[in-house]
Amino acid sequence: MKDAPVKRYDRYRLGSFILICFAVLLLSAVLLADPFGVMQNPLTLLSATSFIGGAFLFALGGGRSVDARLANWLSMQGVSTLGSIIHDLGGHGAAVFLPPNGEGGEVMQFIPTQPPSQSLLGDGGGFACHNGITGALYRPLAGPIIEILKREDGLTLPSEYSLLKVAVREVCEDILSVADWVDMKQEGDTVTFTLHNYLFFPGCASLREGSSKFCALCPCSICSLLACMVAEGLKSEVCLDQVILDDTSRSHSMQISYILKKSEGVPT
C-alpha cells in the first residue's frame, strides 16, 4: 500500500504546486473575467480553499529536511483569512461535512449562512438549502488530501467502526506522520480523536489564540481530514464540536470532538 517516503513526498509537492497554481489562475479569472462580480464570492472561496490545501500538502511533502516551525505555519497558512471571508459573507455556526452521494462521490462541506443572506444568494452560485437552512456548499480543505491518499496510498474508509479506527491511525501515524499516536473513541453521537505529540501543535495553538471561532466554521486541513474520513466511513453528517489543546506534558496533544447526525440527503 505504501511507496517509498521520498516518492510520497514528491507526490505531495507536485500536488501542492498544482493546487496553488490553480488557486492563482482561478483568482486571476475572477478579477479579469468577472468584472460585475456575478461569481466572485464562490470562486474566491474556491481559490482560497485550493491555496490552503496546496500549502498543507507542501508542508507534508517536505520530508525530514523541512524545519518543524515552517511546517507548522504552512499547515495553517490562510485558514484565518478563509475563515474571515466565510464569516464576512454570512457564514455562521459549525460547518457540516456531508457523506458522499452514492458510489464514486466525495464528501462535501456545507457552511450555514446567517439570515438575511441576500448578498450571498444574489450571485446565484455555490449556494444551497440543507434541512431548511441556507448555506454554501463547497469541497472541504481535506478534499485534495483524501483524493491523493485514495489514489496513491490505496486508502479505503470502511463503515465498520473498528476498521475505520485502524484506517485513521494508519493515515495520521504512518502515512502523514502528523502524530505519534492517535486514539479514537465513540460515545453515543460523539466521536473524539486525541492526537498525541501532534506535529502542528504550535501552529494550531497560535491560530486558536487569534480566531478560535473559525475551528468549527472553517476547520483546518487535519480537522477537515478526520471529519471527511468519519463522514464517508460511517455515512453520517459530521460537525466539529470542540478542540482542546493540552501542552501540560512533553507530548503535546490535541483532542477533537465531532457530533454525528444521520444524513438527510444532498442539499438542493
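Going residue by residue through segment 107-116, is there one that turns out to be modelled with pLDDT of 85 or more and either within 15 Å of Gly233 (Cα to Cα) or in a helix (DSSP H, G or I) (or both)?
yes
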>> Give me the residue from segment 242-259 that is aliphatic (A, V, I, L, M) and closer than 19 Å to Cys172 by Cβ and, out of that set, surrounded by the most Cβ atoms within 10 Å (Cβ to Cβ).
In response: Met254
> Does segment 205-254 hold any residues that are among the acidic types (Asp, Glu), over 16 Å from the mean Cα position of the chain (by Cα) and closer than 22 Å to Ser84 by Cα, and which are they?
Replying inline: Glu209
>> Which numbered condition in (1) open to solvent by 20 Å² or more (accessible area, probe 1.4 Å); (2) within 16 Å of Ile146 (Cβ to Cβ) is the only one that Val230 fails?
In response: (1)
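Out of segment 223-268, which residues are out of contact with any strand residue (DSSP E or B) (no Cβ under 8 Å at 6 or more places or on another chain) and farther than 16 Å from His130 by Cα? It would help to see each step written out before you state the result.
Just the residues of segment 223-268 that are out of contact with any strand residue (DSSP E or B) (no Cβ under 8 Å at 6 or more places or on another chain), to begin with: 225, 229, 232-233, 235, 247-250, 265.
If the condition is that a residue be out of contact with any strand residue (DSSP E or B) (no Cβ under 8 Å at 6 or more places or on another chain) and farther than 16 Å from His130 by Cα, then Leu225, Met229, Glu232, Gly233, Lys235, Asp247, Thr248, Ser249, Arg250 are the ones that fit.
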>> If Tyr258 satisfies all but one of (1) more than 23 Å from Glu160 (Cβ to Cβ); (2) at pLDDT 90 or above, what's the number of the condition it fails?
In response: (1)
> Taking segment 126-168 as the search range and keeping residues that are open to solvent by 50 Å² or more (accessible area, probe 1.4 Å) and under 17 Å from the mean Cα position of the chain (by Cα), which one is farthest from Ile85 (Cα to Cα)?
Replying inline: Lys150
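For segment 79-95, what are the residues that are part of a loop (DSSP other than H, G, I, E, B) and surrounded by 17 or more Cβ atoms within 10 Å (Cβ to Cβ)? Walk me through it before giving the result.
Restricting attention to segment 79-95, the residues satisfying the condition of being part of a loop (DSSP other than H, G, I, E, B) are 89-90, 92-95.
Within segment 79-95, Leu89, Gly90, Ala94, Ala95 qualify.
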>> Given (1) surrounded by fewer than 21 Cβ atoms within 10 Å (Cβ to Cβ); (2) assigned by the TED database to the domain that holds Ile86, identify the lone condition not met by Leu225.
In response: (1)
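Every residue, every condition in (1) closer than 19 Å to Ser253 by Cβ; (2) open to solvent by 10 Å² or more (accessible area, probe 1.4 Å); (3) modelled with pLDDT under 85, yes or no:
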| site | (1), (2), (3) |
| --- | --- |
| Leu120 | no, no, yes |
| Gly188 | no, yes, no |
| Glu209 | yes, yes, yes |
| Cys218 | no, no, yes |
> Going by the conditions given, is Ser177 surrounded by fewer than 18 Cβ atoms within 10 Å (Cβ to Cβ) and at positive phi?
Replying inline: yes
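The values are calculated or read from the model by the stated rules, or taken from the named source; none is laboratory data. All of these numbers come straight from a predicted model, not from anything done at the bench. Methodologically, a virtual Cβ is constructed for each residue, glycine included, from the backbone with ideal geometry; neighbour enumeration extends over all protein chains shown. Only protein heavy atoms, including side chains, enter the accessible area calculation; ligands, DNA and RNA are left aside. Shrake-Rupley method; radii C 1.70, N 1.55, O 1.52, S 1.80 Å.
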